[in-house]
Amino acid sequence: MDLRKSDRPDWYRTRVAWVFFAMMAAFAVLFIRLYQLQVLQGDEYRRLSENNCIRLQYLTPARGLVRDSRGLVLAENRPAFDVLMTPRDVPEKEQRNVAVLLFRLLSLEPKKFLETLKTARKKAPFTPITLRQDLPRDLLAAVETRLFDLPGISVAVRATRYYPLGPVAAHITGYVGEVNEKELAAEEFPDARAGDAVGKFGLEKSLNQELAGRRGGRQVEVDARGRMVSVLSTIPAEPGSNVYLTLDSRLQRKAAELMEGQSGAVAAVETRTGKVLAMVSVPSFDPNWFIEGLSTSQWKELSENPDRPLQNKAIAGAYPPGSTYKVIPAMAGLEEGIINPDSPTYCPGYYQFGNRKFLCWKKTGHGTVALERALAESCDVYFYRLGEHLGVDRLGYYAFGCGMGQEPGTGLDHEAQGIAPTATWKKKRTGRPWVTGETLSLSIGQGYNLATPMQILTLYAAIENGGTRYRPQLVSRVETTDGKTMTSFRPLVEGRLPVSRKNLALIEQGLYGVVHAPGGTARIARLPNVEIWGKTGTAQVVSRRDESKFVNELRSDRMFQDHAWFVAYARPEGKQPIAVVVLVEHGGHGGSAAAPVARDLIACYARLDKPGNEKGCASPAAETPEEPDEDRD
């Protein structure tokens, strides 16, 4: 019987022989390669191993750009050159020479440098330490030419933030700064590492995740002096997304120009979308100061300024709204049936309540007035009487329905809620009951009332559009660097005013009279080709002393002067309707201090993009040269 192939002894011997020869060949190849590396080339590889090592370097992504509605850059990046030291790469024998040379080049104190180096070599010898940030070009050239004499010292380029408009848009864009230990411990910025720049204020902070991008890295080979020999591998950093705002920088610049030398805020929105076209708070600050850290003199200049340049007064400044508040009791009175358009009130210049006289701003009185004239001429007595009939809780209900006492929702930090007081609120706040006399002050926008300019602006924008309260919208869309839209924002409705369209139309008649009626408190705001509806306001900083004088009339100090308000809306031909609010701190009267600012900004908006008026922001003359009376509300 024939044996199978696998049973033949010579077949097994052949297979074993081939396996043996294969193994011997493999060992021969390994032996030859080892001999080559260790004997023939051993000295060379020993030198390389002693003089070179592999380092991991993080690649910081460029932050996304911030642009206005037309694409103009509001926040961008520029190159900055930093001097770094890797402690492990500074030879002990050359430390003092390096210290002396750095003193000559960069004025770095040698003793401090050597102490830093000694500490770092123990704790983190391979972690680069920044010795000097953002070198000017002349110093950069000096350091670059002496790098051979500076072992362990290197120059790195990074992207740093730059704000082309400086103070003009500072409260909106905000600024970036180095992440601190507290923020790292709280994981406020989860992807941040020590030394990273993160948003500290404004949109830079609220949109930090979108703007920051994603970190990259690379493996590099360096020699014994810490100089890079080659790049072994790279994972590119992903730049941040670009953010487009609803702002028009032309209006933003104009608003800042109109408020130059003042303290206060200006804001403008499209009434039927809520898009913010301009938002200026003055005095402002230069956000570029914060990039590399403030100097002592810069911080002192900002922190000790009584006009609070770091505060965004448009959303964080809470003030008595003065007569701009009067539309709220007007709504409540009409809706509750307490008044009708023709309900008369006689104003002798004061309202007698118990043993106290509540004065009207017009000392001689307005005579007999109804709703339209009471709004147009801002008669305090009319609203004292109306407020007394309404009571504090009904006023509080309508005020809250108009957006008072709640954050507007711009997306910026430090928004103030303001106060829309009720009897319950006072009891909880002070422990004392509400008294009717306080309701009289409340009804003309004084007393416990507090509102931000943005709250007043959104209220009047809603009056223009028929009662819809839109959330103020600052961001239009977020795009990737290749132009793909990641997020697109649409107008967001917060609610409706607690008033019918019929009653809103009655209130509008009074607001039209503020600017266009013979006795209107803001006749200076008239424009030749644009109709404007508005309301002036004068918010007391201190109480009246007697029947004929304000304390501010008895004192010349600026801090005792009243705040000046004017809020208005207009419907320019071929444009979206616009609403504008102006607050001038300690400006006196709304008609004289605030109304011209709103007028000029509306005129600028009306002429934008028209042929021959591309800039369209020259200050126009009023329709008539007359100025309002000094004591108008």
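The values are calculated or read from the model by the stated rules, or taken from the named source; none is laboratory data. This one's a predicted model, so the numbers in the text were calculated from it and none came from an experiment. Every residue, glycine as well, gets a Cβ built from its backbone with ideal geometry; the counts of neighbours run over all protein chains shown. Side chains included, ligands, DNA and RNA excluded: accessible areas come from the protein's heavy atoms. Shrake-Rupley method; radii C 1.70, N 1.55, O 1.52, S 1.80 Å.
Couple of notes before you dig in:
- Kirkwood Rh in Å, taken over all unlike Cα pairs in region 74-227: 17.5
- Translational diffusion coefficient (Stokes-Einstein; Kirkwood radius from C-alpha pairs) of region 227-308 at 4 °C, 1.567 mPa s, in µm²/s: 78
- Along each principal axis, taking the top coordinate minus the bottom one, the Cα set of region 27-164 gives 72, 43, 29 Å in descending order.
- Flagged links, alpha-carbon separation over 19 Å, of Lys326/Lys428; Lys182/Lys205; Lys535/Lys575; Lys326/Lys427: Lys326/Lys428; Lys535/Lys575; Lys326/Lys427
- Dipole of the chain, positive end: most advanced residue of Phe353, Ser284, Ala606 [Cβ charges, Cα centre]: Ser284
- Given charges at beta-carbon only (K, R positive; D, E negative), |dipole| of region 138-259 in Debye: 240
- With all protein chains kept in place, the per residue accessible area of region 274-392 amounts to 38 square angstrom at a probe of 1.4 angstrom.
- Whole-Hz couplings from phi, Karplus 6.51/-1.76/1.60, listed for region 401-418; x for Gly and Pro: x, 8, x, 6, x, 8, 5, x, x, 6, x, 8, 7, 6, 5, 8, 7, x
- Exposed-site-free run, longest, the chain (rule: GluC sites (Glu not before Pro); DSSP loop; at most 11 other C-beta within 10 Å): 305-546
- Charge dipole magnitude, Cβ of K and R +1, D and E -1 - the chain, Cα centre, debye nearest 20: 1600
- Computed label-point distance, nm, for sites Gln57 and Lys93 using a 7 Å Cα→Cβ extension: 2.7
- Near Thr273, once Lys and Arg are set to +1 and Asp and Glu to -1 for all other residues with Cβ below 11 Å from its Cβ, the sum equals +3.
- Computed FRET value (nearest 0.05) for Gln298 with Ser488, which takes r as the C-beta separation and R₀ as 41 Å: 0.60
- For Val176, distant residues with modelled amide H under 5 Å away: Lys200
- With bins 10 Å wide beginning at 0, the percent of Cα pairs of region 196-354 falling in each bin runs 7, 19, 24, 18, 14, 10, 3, 2, 2, 0.
- From the coordinates shown, Rg and Dmax of the Cα atoms in Å corresponds to which of (1) 35.3, 140; (2) 40.2, 147; (3) 31.2, 107: (1)
- Residues in region 419-427 carry Karplus couplings, in order, of 9, 10, x, 9, 5, 5, 4, 5, 4 Hz; the curve used is 6.51 cos²θ - 1.76 cosθ + 1.60 with θ = phi - 60°, and Gly or Pro positions show x.
- For region 576-594 and region 66-96, distance of Cα centres in Å: 43
- Within region 67-187: Cβ-based charge dipole about Cα centre, in debye rounded to nearest 20 (Lys, Arg +1; Asp, Glu -1): 260
- Hz values of 3J(HN,Hα) by residue in region 147-152 - Karplus curve (6.51, -1.76, 1.60), Gly and Pro given as x: 4, 5, 8, 10, x, x
- Note on region 339-404: percent of Cα-Cα distances in each 10 Å bin, starting at 0 and stopping at the bin with the largest distance, equals 21, 46, 30, 3.
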